[in-house]
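Asker: Submitted below is the structure of interest, expressed as structure tokens.
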Amino acid sequence: MIHILLVDSHPIVRKGLELYLNSKPDLKVIGSLESGIEIFEFVRRQKVDVIISEVDLPELNGITALRAIKKEYKSVNVLMFSHQPEEIYAISTLKAGASGYLNKTANVEDIENAVRKIHTGETSLSEKMDKHLRYEDTRKSRSRMFKKLSTREVEVLKLLSIGRKNKEIAQELDINEKTVSTYKARLFKKLNVTNIVDLIHQAKHHNLT
């Protein structure tokens, strides 16, 4: 039996996945959460094999939660399931420790197959994403732009884009405020901008936020 934890801020998404996955004899959804911060308490109390999580979560974003969970519970496999563009976020989430990434346009059979695949220790990506990672079509492709950025830089960029201040980012990511400034300076340099407005504009242009 594969024990699954669902994490998504939309109840209808969680309920739909739960009904489908529980219809399979060897799959069991044992928890359904709406925020990233709740994952830690749940995993401490229950044995979880696979977590299916959205990237954009209230209180604590999915990538930050993912990194923390993998640090403490290496045996838990995480499938990120998000509306965010996979050619950008698949790379980031795999770097942070995810075993797979699917866009929310995927059908339920794809999700079921991904759960089974990552439970055996394999990596699961869509066929399109798999090909995309093997062959990047242009030098200015979004994935090339993204590969310049570390996972932590992307987290900082996402938080900056929703108006978080350095101090707030430091608290949310549990890092020093000075370190946030360093990441910010690196983002300015890598995205070739000199101010926060242009940084966010450039990030949106490349679908990085």
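Asker: Could you check the simple spin-label distance between ASP56 and HIS10, using points 7 Å along Cα→Cβ, in nm with one decimal?
Answerer: Each label point lies 7 Å from its Cα, and together they span 1.0 nm.
Asker: Let me ask another. Could you pull out the pairs from LYS95/LYS158; LYS24/LYS104; LYS15/LYS184 whose alpha carbons sit more than 27 Å apart here?
Answerer: LYS15/LYS184
Asker: Moving on to the next point. ASN195 to HIS83: FRET efficiency via 1/(1 + (r/R0)^6), r the Cβ-Cβ distance, R0 22 Å, to the nearest 0.05?
Answerer: That pair, ASN195 with HIS83, gives E of 0.15.
Asker: Ok, one more. Any chance you could give the angle, 0 to 90 degrees and rounded to 10, that helix 196-205 forms with the longest Cα principal axis of the chain?
Answerer: Approximately 50 degrees, to the nearest 10.
Asker: Top mean-square fluctuation among VAL50, VAL154, VAL13, Gaussian network model of the chain, C-alpha springs under 10 Å?
Answerer: VAL13
Asker: Given (1) 19.2, 69; (2) 17.2, 56; (3) 20.0, 74, which label gives Rg and Dmax of the Cα atoms in Å as computed from the coordinates?
Answerer: (2)
Asker: Next question. Looking only at GluC sites (Glu not before Pro) in DSSP loops with at most 14 other Cβ atoms within 10 Å, what is the longest site-free stretch of the chain?
Answerer: By the stated rule (loop sites, at most 14 other Cβ atoms within 10 Å), 137-209.
Asker: Using the heavy atoms of the protein chains and a 1.4 angstrom probe, tell me the accessible area per residue for the chain in square angstrom.
Answerer: Counting only protein heavy atoms, the per-residue value for the chain is 51 Å².
Asker: Let me ask something else about it. Hey, any idea what the orientation-averaged projected area of the convex hull of segment 160-209's Cα atoms comes to, in nm²?
Answerer: Convex hull of Cα atoms, orientation-averaged projection: 3.2 nm².
Asker: If R₀ is 35 angstrom, what is the calculated FRET efficiency for the pair ARG44 and ARG186, using the beta carbon separation as r and rounding to 0.05?
Answerer: According to the calculation, E is roughly 0.55.
Asker: Moving to a separate point now. For segment 1-48, what is the largest minus smallest coordinate of the Cα atoms on each principal axis, given in angstrom and ordered from greatest to least?
Answerer: Computed over segment 1-48, the largest-to-smallest principal extents equal 29, 24, 8 Å.
Asker: Ok, one more. Rank VAL193, ILE37, HIS3 by how far each Cα sits towards the positive end of the charge dipole of the chain (+1 on Lys, Arg Cβ; -1 on Asp, Glu Cβ) and give me just the farthest.
Answerer: VAL193
Asker: In terms of modelled amide H atoms, which long-range or inter-chain residues lie less than 5 Å from the amide H of VAL29?
Answerer: Correct list: ILE4, ASN22.
Asker: Let me ask something else. Among LEU19, LEU125, LEU60, whose mean-square fluctuation peaks in a Gaussian network model of the chain (Cα, cutoff 10 Å)?
Answerer: Among LEU19, LEU125, LEU60, the largest GNM mean-square fluctuation belongs to LEU19.
Asker: At 222 nm, what helix-only mean residue ellipticity would the chain give, in deg cm²/dmol to the nearest 500, using -39500 (n - 2.57) for each DSSP H run of four or more?
Answerer: Mean residue ellipticity at 222 nm (helix-derived): -15500 deg cm²/dmol.
Asker: Shifting gears a bit: So for the chain, averaging the separation of alpha carbon pairs under 8 Å that are six or more residues apart and normalising by length, what relative contact order in percent results?
Answerer: Contact order relative to length: 15 percent.
Asker: At a probe radius of 1.4 Å, what is the per-residue accessible area of ARG152, in Å² to the nearest 10?
Answerer: It works out to around 50 Å².
Asker: Running a GNM on the chain with Cα contacts under 10 Å, which residue among LYS47, LYS117, LYS24 ends up with the highest mean-square fluctuation?
Answerer: LYS24
The values are calculated or read from the model by the stated rules, or taken from the named source; none is laboratory data. Given the structure is predicted, the values throughout are model-derived calculations rather than measurements. Virtual Cβ from ideal backbone geometry, glycine too; neighbours counted across all protein chains shown. Quick note on the areas: whole protein, heavy atoms, side chains included, nothing else; ligands and nucleic acids left out. Shrake-Rupley method; radii C 1.70, N 1.55, O 1.52, S 1.80 Å.
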